[in-house]
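No lab work stands behind these numbers, since they all come straight from the coordinates. For clarity, every value in this text was computed on a predicted model and none was experimentally measured. For neighbour counting, all protein chains shown are included, and Cβ atoms are generated from backbone atoms with ideal geometry for every residue, glycine included.
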Amino acid sequence: MGLTKKTSISFKVKPGWVSFILLALGSLIIVMPLLWMLSTSLKSMTGVYKFPPGLIPRPIMWQNYIDAWNSANFPRYFLNSTIVAVVVTLGELTTSSLAAFAFARMKFRGSNLLFLMVLGTLMIPKEILLIPNYVILKQLDWLNSYLALTVPFMAGAFGIFILRQHFLTIHQDLEDAAIMDGCSRLRFLLSIVIPNSKPALAAVAVFSFITNWNSYIWPLIVTRDDSLRTIQVGLSAFKDAETSGANTNWALLMAASVTTLVPVIIIYAFAQEWFTEGYITSGIRG
């Protein structure tokens, strides 16, 4: 009587491969809308409504980008967004650096309570502040101007928090040595703290630039003239102008939308390493 051995084959999947597959699927889901927008921007009108839809446009319509750029007042919208994003970013870096240095390196009565109050503003929805800020700007006669687009956002709790956490990691011996050499606090901030805080500054700068570049509600409320519209508001006007009672020209609209992503991608590409390092080190206290 013969004995038969049953053999079983088991497949073992390494945890690393599972994580890789899940991350790849998640990345594909996130990137897919961007790829579809890019594909639509290069299609003709017939290609946009073609069924079944295809990701690769045939033929490729590079002319859509030229037509989108020349439509409405798109170059002016692009310039306004650049001015607003750059000015607000520089202003926020300045005010956040000064406030963060005070909270991190200068001890005074009630500093912790005041810092908690500053952090508390992060929990206030921005929509609640629209009407009070609008009333203040109206009383200052700043509506429909670059002042209304930039000044209210030149200080923020997020930048103060990130920079404060990073300033705390700078060793106390550096400050003691600087004071012994006759260095003032402002000189210490400008000569030692700021040069050693480039990652945190880059993180705040990238976040501030992207936030103000993508701003829509506030510029829509405080501006009336088309010459002051930012690029996000301009896209809405661009869509309305293309509609004119018929279907929206989605190819031109997507071409304009892709163009708005270029500055953000460039900024993040140059500051990616500092941006990531700044977020990592901002939560470490030395």
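For a paramagnetic label modelled at 7 Å from the Cα of Thr248 toward its Cβ, which residues of segment 30-63 fall within the zone defined by backbone nitrogen distances under 11 Å? Once the point is set 7 Å along Cα→Cβ of Thr248, nothing inside segment 30-63 turns out to lie under 11 Å by backbone N. When the chain is treated as a GNM with alpha-carbon contacts under 10 Å, the residue of Gly91, Gly110, Gly16 showing the greatest mean-square fluctuation is Gly16.
Where a ≥ b ≥ c are the square roots of the eigenvalues of the C-alpha gyration tensor, would you call segment 110-175 rounded, which needs a/c under 1.5, or, failing that, prolate if a/b is larger than b/c, or oblate? Judged from the Cα gyration tensor, segment 110-175 comes out prolate (a/c at least 1.5, a/b above b/c). The Leu130 and Thr46 beta-carbon pair, evaluated with R₀ = 45 Å, returns a calculated FRET efficiency of approximately 0.60. Counting chymotrypsin sites (Phe, Trp or Tyr not before Pro) as exposed when in a DSSP loop with at most 12 other beta carbons within 10 Å, what is the longest stretch of the chain free of them? Between the exposed loop sites, the longest stretch runs 109-286. Globularity index of segment 159-212 is 1.28 (Cα radius of gyration / 2.2 N^0.38 Å, N = number of residues).
The helix-based estimate of mean residue ellipticity at 222 nm for the chain, built from -39,500 (n - 2.57) per DSSP H run of four or more residues and divided by its residue count, is -21000 deg cm²/dmol to the nearest 500. In plain terms, the bigger the Kirkwood radius, the slower the diffusion; for the chain, with that radius from Cα pairs, at 10 °C and 1.306 mPa s, Stokes-Einstein puts D at 69 µm²/s. Helices from the chain with mean Kyte-Doolittle at least 0.0 and a Cα length along the axis of 30 Å or more, per DSSP H: which? What comes out of the filter, once short or polar helices are dropped, is 15-41, 74-105, 250-281. For Gln139 and Arg109, the FRET efficiency from 1/(1 + (r/R0)^6), where r spans their Cβ atoms and R0 equals 41 Å, is about 0.75.
Nearest 0.05, what FRET efficiency do Leu38 and Leu122 give at R0 = 30 Å with Cβ-Cβ as r? With a Förster radius of 30 Å, E is 0.30. Cβ crowding within 10 Å ranks Arg105, Arg187 as Arg187, Arg105, fewest other Cβ atoms first.
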